[in-house]
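Structure, as C-alpha cells:
Values in this text are rule-based calculations from the coordinates and carry no lab data. Predicted model only: the values in this text are computed from it and were never measured. Every residue, glycine among them, receives a Cβ derived from its backbone with ideal geometry; neighbour counts consider all protein chains shown.
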C-alpha cells in the first residue's frame, strides 16, 4: 500500500467503504486491524476536511508514520 497513488474517485470509494463498515469488519481488514479499527474513521474525517479545503486529483498513500504522511 505504501507509495500507492489514488485518484479522487478511488479515495471517495475507499472512504465510503470504511465509513460503511462496522467495527468487526474494520478489525478483520489486515491493513487496519484491532489497533487502528477505532482510529480509521477519525482519519477519514480528517482526510475529508483536508480535501474540502485543498482539493487534488490524486494523493499518495504513506503507511509508515506521520513524518512520511505530512502534507
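When a footprinting reagent is the concern and you count Cβ atoms within 10 Å, what order do 46, 32 take, fewest first? Ranking 46, 32 by Cβ neighbours within 10 Å, fewest first, gives 46, 32. By other beta-carbon atoms within 10 Å, ranking 44, 31 with the fewest at the front produces 31, 44.
Rounded to the nearest 500, the 222 nm mean residue ellipticity of the chain from helices alone is -16000 deg cm²/dmol, with -39,500 (n - 2.57) taken per DSSP H run of at least 4 residues. Compute the long axis of helix 39-53 from its Cα atoms, compare it with the longest principal axis of the Cα atoms of the chain, and write down the angle in degrees, 0 to 90, nearest 10. Between helix and principal axis, roughly 20 degrees. The spread of Cα positions in the chain, taken along each principal axis and listed from longest to shortest, comes to 31, 24, 17 Å. Taking all Cα pairs closer than 8 Å and separated by 6 or more residues, the relative contact order of region 5-69 comes to 43 percent. Compute the acute angle (0 to 90°) between the alpha-carbon long axis of helix 8-20 and the principal axis of greatest extent of the alpha-carbon atoms of the chain; round to the nearest 10°. Orientation of helix 8-20: about 20 degrees from the principal axis.
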